[in-house]
Amino acid sequence: MLGKSIIGLENFSPDEIRLVLKTAREMKKIISGGVKKLPNLRGRAIVNLFLEPSTRTRTSFELAGKYLGADVVSINASTSSIVKGESLRDTLMTIEAMGVDAIVIRHKAEGSAEYATQVVKPVIINAGDGAHAHPSQALLDLFTIEQFKGRLAGLKVAIVGDILHSRVARSDIFGLTKMGAEIHLAGPKTLLPRFFEFDGVTVHENIESAIKDADVINILRIQLERQQSGLFPSAREYARVFGINETRLRLAKDDVLILHPGPQNKGLEISNAVVYGANSAIHEQVQNGVAVRMALLDLTLNGGAK
Amino acid sequence: MSIHKFHANINDSLIIRGGRVIDPANKIDKIADVLIIDGKIAAIDDDIKMKPDHEYNAIGKIVTPGLIDMHVHFREPGQEAKEDFISGSKAAVAGGYTTVATMPNTSPVVDNAALVRSMVARADDVGIINIKIIGAVTKNQAGLELAEMRDMIDAGAVAFSDDGHFDDNAKIFMNALDYLHGTDKIIICHEEETSLVKDGVMNEGRRSAILGLKGRPSVAEDIAVARDCLLAEYTGGRVHIAHMSSARAVEIVRDAKKRGVKVTAEVTPQHLTMTEDCVNPTDASTKINPPLRTQKDCDELLKGLIDGTIDCIVTDHSPHAAEEKDREYIYAPSGFPGLETSLGILLTDLYHKNKIDLPTLISKMTYEPAKIFNLDAGNLSVGSWADVTIIDAGLEWIVDADKFYTRGSHSPFVGRKLKGRAVATIVHGDLMKLL
């Protein structure tokens with residue numbers, strides 16, 4: 001994967017996904033070890049270009065780069081020249097001219113990461129482009145599922161909530177179906193994309209049938225502004241009809257794994273008890289996120305060997 | 001490619017020898033010579049004996065009335081970085097067009113007689129092709145108050161449109177139809193119900209579901225077309241549906257026509273030949289409103305074009321500056337320049353694939369639009385202005401943005417290998433050779 005830009009899991013082969021997960025397992029050992037500093041990317045420079053707010057993804061990429069010995073600089077929307085009206089092309093070319101090896105980009109515009117690959121030469125890693133893709137999040141979801149379930153193939157994975165606006169859902173669907181999991185989607189019809197028909201993906205009429213006997217439930221964040229734009233009437237009703245709480249959770253398998261990309265709206269899409277319950281791997285996901293991002297940076301910038 | 005003036009003196013006589021003359025207005029389709037004297041068609045005959053000042057050998061080529069495009073954006077006044085009357089006129093000549101009508105969504109909006117008058121004068125000044133002026137239906141195209149359409153008619157406006165957006169306020173739109181009663185002017189309607197397409201950048205369909213881009217559902221067009229057909233029926237007013245893109249909307253127009261409603265419709269080459277699958281979010285050239293839809297829509301549009309539900313073909317020539325289109329898909333403006341590729345696309349993707357015959361195709365680009373807009377153009381009748389397009393239907397060429405006359409650069413047709421194009425364009429007897 002040396003030199004490969006990471007745009008979305010639609011352009012990953014199952015073998016490439018396995019390689020990332022395997023490398024991430026090695027990286028995870030380092031994070032939990034004492035001295036978190038590898039020489040792999042010493043002398044390499046990475047810029048995190050975050051044109052949309054983010055805490056965990058940005059910090060996660062930043063630490064991942066630093067643990068591997070790279071020099072990492074983060075640029076936020078509010079401090080970038082984008083606010084002065086500089087175009088994305090010129091911003092990217094400016095960063096490239098400073099000699100960086102990789103640009104990690106978060107942007108609300110779908111296709112912006114792929115656009116970046118056409119504009120500049122450094123490795124581009126998509127840290128979320130609008131509602132299109134969030135490959136590192138999907139890979140950490142796969143990593144977490146495999147960690148707890150020992151496999152991906154044959155698992156019943158429910159993804160519930162705002163599928164329409166979710167880059168996480170799209171990347172999860174591509175990644176998981178490639179690895180042989182079956183996907184079950186549910187949420188209010190207003191938050192489900194129309195014409196979403198793929199092999200291995202079932203769209204359900206209600207939450208209950210989607211999560212029935214599920215091995216994994218990935219609960220997507222509901223943005224509160226969706227209520228103002230008329231997509232659902234109230235947080236209270238959403239929680240009652242579509243929220244994942246302990247009662248509803250009983251429909252799934254006893255050892256169902258609960259994922260959430262965060263940040264959570266407790267009491268809306270997920271109850272407090274489920275966030276902190278025995279089935280929750282939400283905090284494990286965050287640690288795994290660093291390992292997966294280390295794997296991606298090492299594989300694309302260093303070839304992953306050694 | 002470059003445009004060469006063939007002869008200096010417009011009063012010189014010219015014979016176009018031996019081409020296949022297709023003049024749908026006069027139901028002519030035969031090999032003939034066309035004689036032009038004093039800028040007017042003097043004769044069309046099998047073998048004209050006289051010795052003119054100039055001859056053009058059109059053997060193996062097609063000779064048609066100058067093409068008409070009633071839907072272009074020449075961006076004057078105010079947006080000259082995108083296009084102006086000169087660059088737009090040259091693009092028209094290169095594409096075989098001799099008459100165009102400009103949409104009023106400029107800065108400022110063309111919504112009053114003073115502006116119409118200045119643009120008519122500017123069109124005369126530039127004088128490369130015939131440029132007709134379309135005025136706004138409502139002040140500033142805001143959809144709130146009627147613009148002074150009767151003043152604009154007297155100043156030379158040929159039609160009215162709030163193109164670029166749908167007039168959500170049904171009462172204002174109905175008033176506009178009523179207010180034009182007694183004139184021969186039509187309202188050209190951009191048909192997408194606003195609330196359903198808000199923030200949308202491509203067709204709502206399987207492709208948008210994968211890409212995560214926000215959709216503009218076809219039902220938004222269907223609702224708008226249905227409303228305007230109903231209002232045309234109710235008021236007796238004349239409605240012209242701009243750039244149709246939805247299969248269902250074609251059915252609605254077909255039904256309205258059967259009921260005798262005064263509705264006409266147009267379609268673009270892109271909506272006839274491209275689908276949502278062409279959308280790539282790294283290249284905003286495919287971003288247009290209404291959006292590229294599905295193969296089923298393309299098929300129904302073609303069916304409607306052939307059965308007469310859709311009357312004419314327009315380009316919706318919408319150039320933007322390169323830096324405006326070279327950016328994130330969601331931020332780029334909609335539209336691309338179409339004048340220089342339209343004929344080539346239609347010949348390549350429809351005529352050469354036996355989906356349409358030449359007389360029908362030419363009629364949709366000459367006679368039909370002239371009829372809808374009451375233009376003195378679109379035919380080769382003896383005595384009329386000699387606006388003529390000479391087409392080489394077999395000429396192969398590759399679309400190259402560097403060779404465009406338009407200031408717009410981003411077209412989804414760039415790089416395509418096409419078969420057929422205009423090789424000479426004559427405006428009022430003034431022959432401009434293109435190759």
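Going 7 Å from the Cα of B:Arg259 in the Cα-to-Cβ direction, what parts of the range B:209-241 have a backbone nitrogen less than 17 Å from that spot?
Output list for this probe position: B:222-241.
Report the charge-dipole magnitude of chain A in Debye, nearest 20, computed about the Cα centre from +1 at each Lys and Arg Cβ and -1 at each Asp and Glu Cβ. If you can, show how the numbers build up before the last one.
Values: 37 positive and 33 negative charges, 149 e Å.
Computed about the Cα centre, the dipole is about 720 debye.
Antiparallel versus total DSSP beta bridges in the range B:66-373: what percent is that, nearest 5?
On the way: 2 of 27 bridges.
DSSP beta bridges in the range B:66-373 are roughly 5 percent antiparallel.
How large is the direction-averaged shadow of the alpha-carbon convex hull of chain A, in nm²? Show your work: numbers first, answer last.
Working: hull surface 61.8 nm².
So the mean shadow area of the Cα hull is 15.4 nm².
With all pairs of different alpha carbon atoms counted, what Kirkwood hydrodynamic radius in Å does chain B show? Walk me through the numbers before you get to the answer.
Details: mean 1/r = 0.0463 Å⁻¹.
About 21.6 Å for chain B.
Determine the principal axes of the Cα atoms in the protein assembly as shown, then give the extent along each, sorted from largest to smallest and rounded to whole angstroms.
Answer, in whole Å and largest first: 99, 57, 46 Å.
What is the angle, in °, between the Cα long axis of helix B:295-307 and the longest principal axis of the Cα atoms in chain B? Nearest 10 is fine, range 0 to 90.
Tilt relative to chain B: about 50 degrees.
How much length would be gained if the chain were fully extended between B:His181 and B:Lys371, taking 0.36 nm per residue of separation minus their Cα-Cα distance, in nm to one decimal?
66.6 nm
Placing +1 at every Lys and Arg Cβ and -1 at every Asp and Glu Cβ, with all other atoms neutral, what dipole size does the range B:76-200 have around its Cα centre, in debye to the nearest 20? Display every interim value, and only then the final one.
Numbers: 10 positive and 21 negative charges, 62 e Å.
Using Cβ point charges on Lys, Arg, Asp and Glu, the range B:76-200 gives about 300 debye.
Quick one: if the Förster radius is 60 Å, what FRET efficiency do A:Val201 and B:Asp38 give, using the C-beta to C-beta distance and rounding to 0.05?
After rounding, the FRET efficiency stands at 0.30.
Anything over 22 Å Cα to Cα? Flag those among B:Lys61/B:Lys433; B:Lys258/B:Lys364; B:Lys61/B:Lys82, in the order listed. Could the numbers behind the result be given before it?
Numbers: B:Lys61/B:Lys433 14 Å; B:Lys258/B:Lys364 20 Å; B:Lys61/B:Lys82 33 Å.
From the list (B:Lys61/B:Lys433; B:Lys258/B:Lys364; B:Lys61/B:Lys82), the Cα-Cα distance tops 22 Å for B:Lys61/B:Lys82.
How many nm separate the modelled label positions at B:Ser384 and A:Gln287, each set 7 Å beyond the Cα in the direction of the Cβ?
Placing both labels 7 Å beyond Cα along the Cβ direction yields 8.2 nm.
If we count other beta carbons within 10 Å of each Cβ, what is the order of B:Ser195, B:Ser118, A:Ser171, fewest first?
Values: B:Ser195 10, B:Ser118 15, A:Ser171 27.
Going from sparsest to densest Cβ surroundings: B:Ser195, B:Ser118, A:Ser171.
What is the range B:1-115's relative contact order, in percent, from Cα pairs under 8 angstrom and six or more apart in sequence? Kindly include the intermediate steps, with their values, before the conclusion.
On the way: 180 pairs, mean separation 25.7, N = 115.
Computed over the range B:1-115, the figure is 22 percent.
What's the magnitude of the charge dipole for the protein assembly as shown around its Cα centre, counting Lys and Arg as +1 and Asp and Glu as -1 at the beta-carbon? Answer in Debye, nearest 20. All intermediate terms of the calculation are to be shown ahead of the outcome.
Details: 86 positive and 97 negative charges, 531 e Å.
With only Lys, Arg, Asp and Glu charged at Cβ, the dipole is about 2560 debye.
If I take R0 = 45 Å and measure r between the Cβ atoms of A:Tyr276 and B:Asn140 in this structure, what FRET efficiency does the formula 1/(1 + (r/R0)^6) give, to the nearest 0.05? Spell out each step's value before the answer.
On the way: r = 56 Å, r/R0 = 1.25.
Calculated value: 0.20.
According to a simple spin-label model (label point 7 Å from Cα along Cα-to-Cβ), what is the distance in nm between A:Glu86 and B:Lys51?
Calculated label separation equals 7.1 nm.
Projected onto the charge dipole of the range A:1-77 (+1 at Lys/Arg Cβ, -1 at Asp/Glu Cβ, origin at the Cα centre), which of A:Ile46, A:Phe12, A:Gly69 gives the Cα projection farthest towards the positive end?
Result: A:Gly69.
Could you work out which residue, out of B:Gly338, B:Gly88, B:Gly304, moves most in a Gaussian network model of chain B, that is, has the largest mean-square fluctuation with Cα springs under 10 Å?
The residue with the greatest mean-square fluctuation here is B:Gly304.
Karplus couplings for the range B:109-126 from phi (6.51 cos²θ - 1.76 cosθ + 1.60, θ = phi - 60°), rounded to Hz, Gly and Pro as x?
So the J values, rounded to whole Hz, are 5, 7, 10, 8, 5, 4, 5, 4, 4, 5, 6, 4, 5, 4, 4, 5, 4, 5.
Kindly provide the pair-distance distribution of the range A:135-285 built from C-alpha pairs, with 5 Å bins from 0 and whole-percent values in order of increasing distance.
2, 10, 22, 25, 23, 13, 5, 1, 0
By how many degrees, between 0 and 90 and to the nearest 10, does the Cα long axis of helix B:247-258 differ from the longest principal axis of chain B?
Compared with the principal axis, the helix lies near 70 degrees.
For chain B, what does the helix formula give at 222 nm: sum of -39500 (n - 2.57) over DSSP H segments with n ≥ 4, over the residue count, nearest 500 deg cm²/dmol? Before the final figure, lay out the partial values.
Values: 14 runs with 124 residues, N = 435.
Helices in chain B give a 222 nm mean residue ellipticity of -8000 deg cm²/dmol.
Take peptides B:174-184, A:138-148 and line them up by average Cβ neighbours within 10 Å, highest first, as a rough protection proxy.
Numbers: B:174-184: 15.8, A:138-148: 24.3.
Top of the packing list down: A:138-148, B:174-184.
Can you tell me, using C-alpha contacts under 8 Å and at least 6 residues apart, the relative contact order of the range B:66-373 as a whole percent? Mind dumping the intermediate values first?
Numbers: 665 pairs, mean separation 51.8, N = 308.
Averaging sequence separation for qualifying contacts and normalising by length gives 17 percent for the range B:66-373.
Considering only DSSP beta bridges whose two residues both sit in the protein assembly as shown, what percent are antiparallel, to the nearest 5? Could the numbers behind the result be given before it?
Details: 35 of 101 bridges.
Of the beta bridges lying entirely in the protein assembly as shown, close to 35 percent run antiparallel.
Between helix B:170-179 and chain B, what is the angle of the helix's C-alpha long axis to the longest principal axis, kept within 0 to 90° and rounded to the nearest 10?
Taking Cα atoms only, the helix is inclined about 40 degrees.
Work out the mean other chain Cβ neighbour count within 10 Å for the residues of A:109-117 and drop it here as an integer.
Numbers: counts 9, 12, 12, 7, 2, 4, 9, 1, 1.
Neighbouring Cβ atoms belonging to other protein chains average 6 per residue here.
Before anything else, pin down the relative contact order of chain A: Cα pairs under 8 Å, at least 6 apart, normalised by residue count, whole percent.
Values: 606 pairs, mean separation 66.8, N = 306.
Once divided by the residue count of chain A, the mean separation gives 22 percent.
Work out the charge dipole of chain B with +1 on the Cβ of Lys and Arg and -1 on the Cβ of Asp and Glu about the Cα centre, then indicate which of B:Asn289, B:Pro359, B:Val250 is farthest towards its positive end.
Comparing the listed Cα positions along the dipole, B:Pro359 ranks first.
Here, each number is a calculation from the coordinates, and none is a lab measurement. Computed from a predicted model, the values in this text were never measured in an experiment. Cβ coordinates were reconstructed from backbone atoms using ideal geometry, including for glycine residues, and neighbour counts include every protein chain displayed.
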